[in-house]
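The values are calculated or read from the model by the stated rules, or taken from the named source; none is laboratory data. Please read all numbers here as calculations on a predicted model, not as lab measurements. Cβ placement follows ideal geometry from the backbone for every residue including glycine, while neighbour counts extend to all protein chains displayed. SASA here: full protein model, heavy atoms, side chains in, ligands and nucleic acids out. Shrake-Rupley method; radii C 1.70, N 1.55, O 1.52, S 1.80 Å.
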Amino acid sequence: MSSALEREDEGDIGMNLGFIGCGIISEAHLRGLAELKDAGGPAFAVPAVCDLRHEMAAAFARRVKETLGQEPNVYTDYREMLEKERLEAVSVLVTHDLHHSVAEDCFAAGAHVQMQKPLAISPSFGRKMIEDAKRYGKVLTLSEPSVLGAANVAVSRAVRGGLIGNVYLVLDYAASAVGSGFFAGTPWRHMKGRAGAGWINDHGVHRTHSFLDVVGPVEEVFAYAAIFEKVRSHGGVTIRPTGEDAAVTAFRFANGALGHWMCATAIHGEETWGVRFYGSQGCLVPGKHAALGDGTVVTMAEIVEQYASGVIADPFAHSYLELYEAVKSGKPPISSAESGLEALGIVFAALESATTGEPVRVQDVITGAKHAYEDTVIEEMA
Ligand SMILES: NC(=O)c1ccc[n+]([C@@H]2O[C@H](COP(=O)([O-])OP(=O)(O)OC[C@H]3O[C@@H](n4cnc5c(N)ncnc54)[C@H](O)[C@@H]3O)[C@@H](O)[C@H]2O)c1
């Protein structure tokens, strides 16, 4: 962070936060809370954590104590935790098939929720979660790191502010060398009844949320998808994946820009990654620089300094600042549940297109008018 933190509410009254799910990503959340504290942000206390697996919850509780100085109570049943603890908000970090039911239980217990991306396993559950939050009068924010933190906020503000002129094209190649193993060591990510789809959902929403934030709404998509690896195995576990391991999608944005996106885990040997935004006056490569048509190169550090100097660097720290400000002062978060639903809608529009062989309007998937792919997810969930 290069200058004072951009904050809505300086009268810090703190927040009691519980965790449900203490797996891989919980560590990044803890680091985010620590960074927010170090930066002079609002004071979060974590009095309780829960995981179905006691050893995961207990290990996380120890790390919370080392990092924040207070040892949380450990639970294996989140409903018991919600009943016994006085939690103002809960961070939910479980598999995608549980997002909507755990969120509703938290709202019913009087807690606000920060949900992990994707907002839900599929759009209809995302719509339900937004309705539930309204019904219970609770805040629902999304921890979507691709639109949070100084670097991401700076890219979005720079492009929307005209640094590269009018956006013509978005390119994104995300080809991860998972081969025939499991992404992040988690088999559930390859089963659509638990994850909603293959990697195009788990990773894909990061990208579609960023496209939305930087360029604006996507109107229509056309896609092909495939499952190349029919069997996946690692560490003695073997599965027959039902989630796609490769998807190639073309977009048309509402502002006329076009996009080309490949998202795949069926990659052996060498992977490739990269996002580029091309406009009428230059190209922006997130994490690197903007190369303008007149030969000027603007470094990422300069872009951050110019557009997001008061924004905290760590995206997870930023997500907790957003949660705090949404609860305490009603400030609309960048990473809102509504934008998360739209990001999920783009992913499911691509999958709908790959299923039907037709171009698909994103709004038709968000509203539920088109659901041929989503039906297959719901069938597998059952
Ligand atoms: N960069 C990111 O934003 C990012 C990265 C990774 C994961 N995620 C998201 O975070 C969530 C969790 O992912 P992960 O990688 O940590 O998965 P994980 O499989 O490592 O951890 C999930 C944990 O939830 C626990 N769990 C499952 N059901 C539970 C229940 N009913 N009650 C309590 N605990 C329960 C499991 O035992 C497990 O420890 C997913 O939504 C995922 O998409 C986000």
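Every listed requirement among (1) surrounded by 15 or more Cβ atoms within 10 Å (Cβ to Cβ); (2) within 10 Å of the ligand (Cβ to nearest atom) is met by E88 save one, (2). Residue pairs whose Cβ atoms lie under 6 Å apart, separated by 6 or more positions or on different chains, with the first residue in segment 201-212 and assigned by TED's automatic domain parsing to the domain that holds A246 and the second part of a loop (DSSP other than H, G, I, E, B) and open to solvent by less than 10 Å² (accessible area, probe 1.4 Å), are N201/P118; V205/P118; H209/E144. Residues of segment 199-219 that are assigned to a helix (DSSP H, G or I), among the acidic types (D, E) and either within 12 Å of the ligand (Cβ to nearest atom) or farther than 18 Å from G149 by Cα (or both): D202 alone. Selection of strands (runs of 3 or more DSSP E) fully inside segment 234-351 by the criterion of at least 1 residues being in the same structural domain as A39 (by TED's automatic domain parsing), open to solvent by less than 50 Å² (accessible area, probe 1.4 Å) and at positive phi returns nothing.
In segment 127-152, the qualifying residues are those that are assigned to a loop (DSSP other than H, G, I, E, B) and in contact (Cβ under 8 Å) with a residue 24 or more places away in the chain, and the one that is most open to solvent (accessible area, probe 1.4 Å) is K138. Taking the criterion of being acidic (D, E), within 16 Å of the ligand (Cβ to nearest atom) and without any contact (Cβ under 8 Å) to a residue 40 or more places away in the chain, the only residue of segment 21-40 that qualifies is E27. One residue stands out in segment 41-75 among those that are aliphatic (A, V, I, L, M) and within 9 Å of the ligand (Cβ to nearest atom): the one that is least open to solvent (accessible area, probe 1.4 Å), namely A57.
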